[in-house]
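**Student:** What follows is a single structure, and I will ask about it in a moment.
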Amino acid sequence: MSRTIYYVNVPFINFKAMNKRDFLKTSSVLTAGSLLQFSAINKIIAQSAGLPDDQVVQQEPYWQAIRNQYNLKEEYINLENGYYNIMPKDIMEQYQEHIRKVNKLGAYYMRIMQQENKQRINKKLADLAGCSTDELIITRNTTESLDMIISGLNWKKGDEAVWAEQDYGAMKNMFKQVSKRYGMKNVVVSVPQHPKSDEEIVSLYEKAITPKTKLLMVCHMINITGHVLPVKKICDMAHEKGVMVMVDGAHTFAHLDFKIPDLGADFYGASLHKWLSAPLGCGLLYVKKEHIKKVWPLFAEDDRPENDISRLNHTGTHPVATDLAIENAIDFYNMLGHSVKEARLRYLQQYWTKQLRDIPQIDIATPKEPQRACAIANVGIKGMKPKDMADTLFKKYGIYTVAIDNAGVHGCRITPNVFTSLRELDTFAAAVMDMAG
């Protein structure tokens, strides 16, 4: 696949020559930072224009140039980018500028300019997601998005929900709370780490569905192993049985190259401070139009049409500069290239896992097949507790990871980013082999 190159140009604006009316028109655009120019990265990407992804992913000088766009801590190797993908320098600078501009304009911005800018950014985010603006809202994170759905449906005693023990804790906790509150039943499955086929996973969820099943939750990518599930096939199966599907996309939006409607999900939540590299505290919620009326808002809103998704978006006053920086993060992601980013992240994961998979003392809890994983993978050492493994990696080898010790997964989650070098991954692989004896 060849690459599409995006350029963002900034016109010169003479503020001194402006009258008040012109200033107000222009400032609504500038405050959102929609005219950001990534001049340095434009030059880098232009050098690989027209090359197929499988060639670009192996050009280390190119990725070193991308690495230079980040302000990284050199005292240790960061292989825990799944929790929060740090922002490139350009996005960080624009984010800080948004904070300054909002602070300067104060209540005027909040009352006069905020809504128009948010609507524009929402449109840009919806375009990236491949859906319409009347099916998507900006939230604070995946937990807020999905917990709103879980808690907002009209549950009745005897209703059932299906989810997996490998799902994220916040959503599992909300399902448990809803069970205590309304008397609904949670049916929990366990996803195999190395499935033989998509059908094995689809069948697992299918067998858990009964005539009482109201909602099925599935991870697009399991956060503790990086396992990519066949979401479209699961959604098709569930819909044939009249069951709605909610997808946890915290780790796939701007990580894998896809459009949300193509998955067939009824509800989809994601955190934009992960793979889109937006600031902490922004996410998205997609709700298929026909289901909006079925969800109660997290916070009460004025009366609006029941199919108006904005009724789900009231959270009170929040840091609007975070929303503004989403636009800058989308610009950066578009210029980097959706397909080449996914290809590079998968290449990095395959690079280090291939070095360790055949060592008897080492256990990799992530599928080997390329289509079943991307950047994230999990590795453990037999006989060593995950916490001890993570501590040793950091204290002895200067490598930061996160220990995972639940749901049948016992190891460290390894999450590189586009700035991660092969040298760093070689250092990591050598450290794990050394620890494994």
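**Student:** Looking at the structure I just gave you, is G281 surrounded by fewer than 24 Cβ atoms within 10 Å (Cβ to Cβ) and out of contact with any helix residue (DSSP H, G or I) (no Cβ under 9 Å at 6 or more places or on another chain)?
**Tutor:** Numbers: surrounded by fewer than 24 Cβ atoms within 10 Å (Cβ to Cβ): yes; out of contact with any helix residue (DSSP H, G or I) (no Cβ under 9 Å at 6 or more places or on another chain): no.
Against the criterion (surrounded by fewer than 24 Cβ atoms within 10 Å (Cβ to Cβ) and out of contact with any helix residue (DSSP H, G or I) (no Cβ under 9 Å at 6 or more places or on another chain)), G281 does not qualify.
**Student:** Would it be correct to say that V178 is crowded, with 17+ Cβ neighbours inside 10 Å, modelled with pLDDT of 95 or more, of a type in the set (V, I, T) and farther than 23 Å from G380 by Cβ? If you could, list the steps in order and put the result at the bottom.
**Tutor:** Working: crowded, with 17+ Cβ neighbours inside 10 Å: yes; modelled with pLDDT of 95 or more: yes; of a type in the set (V, I, T): yes; farther than 23 Å from G380 by Cβ: yes.
Here the answer is yes, as V178 does meet what is asked.
**Student:** If you go through the stretch 333-358, how many residues are assigned to a helix (DSSP H, G or I) and free of Cβ contacts under 8 Å to residues at least 24 places away in the same chain? Working first, answer last.
**Tutor:** Residues of the stretch 333-358 that are assigned to a helix (DSSP H, G or I), as a first pass: 333-336, 338-356.
In the following step, the residues that additionally are free of Cβ contacts under 8 Å to residues at least 24 places away in the same chain were identified as 350, 354.
Looking only at that region, the number is 2.
The values are calculated or read from the model by the stated rules, or taken from the named source; none is laboratory data. No experiment lies behind these values; they were computed from the predicted model shown. Ideal geometry is used to build each Cβ from the backbone, glycine not excepted, and the neighbour counts take in all protein chains shown.
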